[in-house]
Every structure is written in structure tokens, then in C-alpha cells.
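Worksheet: the structure to be examined is printed underneath.
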Amino acid sequence: MDNASADSFRRDARVIGVIGFAHAASHFLQLALPPLFPLLRGEFGVSWTVLGLVASTFYVASGIVQFCAGFVVDRVGARPVLLGGMSLLAFGTLAAALAPNPWWLFPCAALMGAGNGVFHPSDFAVLNANVSPRRLGHAYSLHGIGGNLGYALAPVVSFGIGSAVSWRVALLVMGAAGLVALAVLAIARQRLTSHRVPDARSHTLRGSISIFLQPAILLCLFYFVFQTTASVGVSTFLPPTLHVGFAVPLVLGTSAVTAYLLGGSAGIATGGFLAVHTTRHDRVAVIGLSISALLVVFAASGAVAAAALVPLFAAIGFALGTTSPSRDLIVRNTTPRGATGRVYGFVYSGLDIGSMLGPVWFGAMLDHGLARDVLFVIGALLAVTLATVVNLRRASVPQLVG
């Protein structure tokens with residue numbers, strides 16, 4: 001039994017490591033462009049709204065592909081979908097480095113977004129198929145930590161190289177890193193297996209829509225939409241929001257974003273242990289969302305000294321991060337057997353919808369002199385997310401319809 005347990009642990013650890021790396025790489029490339037927006041705005045003379053539309057283009061493409069990728073993963077498995085997505089992300093980033101004008105960025109962002117859209121249905125299909133159920137909480141936790149570390153590293157590399165050399169060199173370096181990540185996944189491709197659904201009836205449009213429209217699935221989708229809209233406001237527009245609305249230096253605002261992301265990673269690690277030791281995942285989500293919403297509103301009040309912003313946003317990231325593994329287990333527990341790819345593709349497209357809405361919404365607020373109100377809106381969005389969790393517990397578990 002000891003040898004079998006050790007073998008199981010090693011097998012699970014290898015799969016979790018590969019998927020965590022893939023998620024980190026996808027998030028690293030996901031934030032290749034946004035940290036460069038101040039430099040792009042200066043070179044091309046475009047508004048924040050236009051740059052927000054570039055980011056939204058990325059997430060529109062990602063959301064569409066994510067929804068479709070769920071069906072493909074159920075049919076052919078996760079491996080080819082995951083490798084194809086990493087290829088599109090890497091080459092799209094390299095193409096963006098050649099942009100002669102801001103309009104070139106739109107098709108590049110669409111290509112990158114298409115690549116980004118495959119990761120959640122693929123990642124969770126691999127984890128659910130290969131990792132022991134007793135370790136899934138930790139698997140989801142490390143998956144989230146990988147994403148947060150990718151987010152945290154991206155602004156440092158992207159803006160750091162962009163400001164020191166040029167934004168084109170920054171994108172070339174990040175695109176090259178994407179090619180390295182693709183090579184790593186290709187080498188580890190034997191660990192990227194997932195269950196296929198042999199029954200063709202389970203892939204019918206009618207059956208899938210019947211699943212998607214069930215209240216529990218819709219509430220999971222709305223959870224992701226509202227939380228992600230709030231989170232993208234912090235990760236993408238916190239520095240200019242603090243600078244314009246509260247006269248906080250951009251460097252300090254960027255440090256607050258990094259603290260938020262690193263705090264989120266610590267929170268996700270903690271949330272993994274909480275998820276393993278409780279069956280009330282909704283309570284974990286409610287508490288974390290409540291704390292993060294209150295702290296964001298406190299920051300919006302203007303009563304926080306500039307020196308306290310970095311630890312404050314680290315605490316916000318930590319509180320929000322603790323909800324992540326429980327959130328993923330809530331989705332798993334509401335997913336009918338045989339519909340993992342489709343449900344994850346549908347529900348996690350809420351990440352892309354929120355990421356599409358957030359940049360345009362908050363960019364327009366900045367353009368219209370409403371920087372001080374951005375944080376209040378973020379706090380309100382987190383409160384609405386909390387409401388979806390409360391109602392989710394009352395919703396029935398969905399049934400698979402052929």
C-alpha cells in the first residue's frame with residue numbers, strides 16, 4: 001500500500017506540475033500587452049478606450065474559443081487542444097511585436113485570445129482524469145498559483161523590458177518564452193491525457209444547451225463574469241486609477257498590482273488546504289469575497305496612506321485567492337458526468353466575458369475623469385459575485401440530457 005500510495009503521489013505530482021506550468025505560461029502571455037499600454041499610448045497617440053478595446057478583442061476571441069474548445073476536448077482529448085493553444089499564444093505575441101500601427105494589434109490580440117481560450121477546459125479535463133480525488137483541492141490550488149505567478153511575472157518582464165529597451169523587444173522576449181513553454185509541453189505530452197466521451201448523443205446542441213441553462217451552471221457562469229470583471233480592473237487598470245484618482249505614483253501602483261497577485265498566490269495555496277478540509281466550499285467563497293469587497297471599498301474611500309496601499313492590495317489578493325480552489329470544486333460538483341469539457345468551457349468563458357467587459361468599462365471611466373469611482377465599482381462587483389454563491393447553494397445539481 002505504501003508503494004502504491006507513493007506511486008500515486010508521484011503520478012499526481014507530475015500531472016499537476018505540467019498543468020500548473022501550462023497555466024502559468026498562458027497567464028504570463030495573457031498579460032504581455034496590457035503592461036505596455038502606457039508605452040503604446042505614448043507612441044501611437046491612442047486613448048485608453050482604444051487600448052481597452054485591444055484587450056477586449058483578446059477576451060472576445062478567448063471566450064468564443066473557450067466555449068468551442070470544451071466540445072473538442074470531450075471529443076478528441078485535451079492534448080492536441082492544449083498544444084495548439086500554446087502555439088497560437090506564442091506566435092500571436094511575436095506578431096504583435098511587429099505592429100506598425102495600433103490597428104495591427106487587434107488581429108494579433110484575437111490570435112492570442114484564441115490560443116488562450118483552450119487552457120481551462122483542457123487543464124481541468126487533464127486534472128480531473130488523472131489526479132486522485134483526494135488531491136484535487138491541492139491540484140486546483142497549484143493550478144491557480146501557477147496562473148497568478150504568471151500574472152505577477154508578466155508586468156515585471158513586459159514593462160521592465162519595454163521601459164528599458166522598447167515594447168517591441170519586450171513582446172519578442174515574451175513570445176520566445178511562449179515557444180519554450182510549447183516545447184516543454186510537447187516533451188511532457190504523455191501526461192496530457194483526458195477522458196473522451198464516446199456517446200455522440202452527449203455532444204448534441206440540444207443536450208448541451210439543456211445543461212448550460214440549468215440554474216446551477218448559469219450561476220457558476222455569472223460568478224466568473226462578475227469576479228473577473230472586478231479582478232481585471234485591479235490587474236489592468238489599478239496603476240492609472242491610483243495615479244489619476246489619488247495622485248499615487250505609477251511605480252507604487254504597479255507594485256500594488258504585483259502585491260495583489262502575489263497575495264493571491266498565497267491565498268490560493270491557503271485555499272487549497274481549506275478546500276480539502278471542508279465540504280462547505282460556498283462558505284469559503286462567501287468569507288473571502290466579503291473580506292476582499294470591504295477592503296476594496298476601504299481603498300476607494302481615500303483614507304488609506306499611499307505607503308499602506310501595497311500591503312492592503314496584498315491582503316485583498318490573499319482574501320480573493322482563498323476562494324479559488326473552492327470555486328473550482330463548486331464547478332466540479334455541479335458538472336454532470338460526461339460533460340466536463342463542455343461545462344468547463346462554458347462556465348470558464350465567464351473569465352473571458354469579464355475580461356472583455358472590464359477593460360472597456362474601466363478604460364472609459366478613466367477617459368471620463370471617473371478614476372476615483374473605479375474602486376467602488378470593483379467592490380460592488382465583488383459583492384454581486386458573493387450573491388451568486390449564496391444562491392448557488394439553493395440550486396439543484398444539473399442533469400445530463402442527451
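Brief remarks follow.
- Rounded to the nearest 500, the 222 nm mean residue ellipticity of the chain from helices alone is -27000 deg cm²/dmol, with -39,500 (n - 2.57) taken per DSSP H run of at least 4 residues.
- Cα long-axis angle, helix 2-30 against the chain (0 to 90 degrees, to the nearest 10): 30 degrees
- Helix 136-164 axis versus longest C-alpha principal axis of the chain: approximately 30°, rounded to the nearest ten.
- Span per principal axis, largest first, for the Cα atoms of the chain (Å): 58, 46, 43
- Under the Debye formula (equal points on every Cα, no solvent term), log10 I(q)/I(0) of the range 210-266 at q = 0.18, 0.24 Å⁻¹: -0.67, -0.89
- Solvent-accessible area per residue for the chain (1.4 angstrom probe, square angstrom): 39 Å²
- Alpha-carbon Rg/Rh ratio, for the range 287-363, with Rh computed the Kirkwood way: 1.10
- Residue with peak Gaussian network fluctuation, the chain [Cα springs, cutoff 10 Å], from Leu39, Leu242, Leu185: Leu39
- When the Gaussian network model of the chain links Cα atoms closer than 10 Å, the mean-square fluctuations of Asn128, Asn116, Asn391 top out at Asn391.
- Cα-derived Rg to Rh of the range 123-169, Kirkwood definition: 1.29
- Between Leu252 and Trp103, the distance separating the two model label sites (each 7 Å from Cα on the Cα→Cβ line) works out to 4.1 nm.
The values are calculated or read from the model by the stated rules, or taken from the named source; none is laboratory data. Not measured: the values here are computed from a predicted model. Backbone-built Cβ (ideal geometry, glycine too); neighbour counts: all protein chains shown. Please note that ligands, DNA and RNA were not included when accessible areas were found on the heavy atoms of the full protein model with its side chains. Shrake-Rupley method; radii C 1.70, N 1.55, O 1.52, S 1.80 Å.
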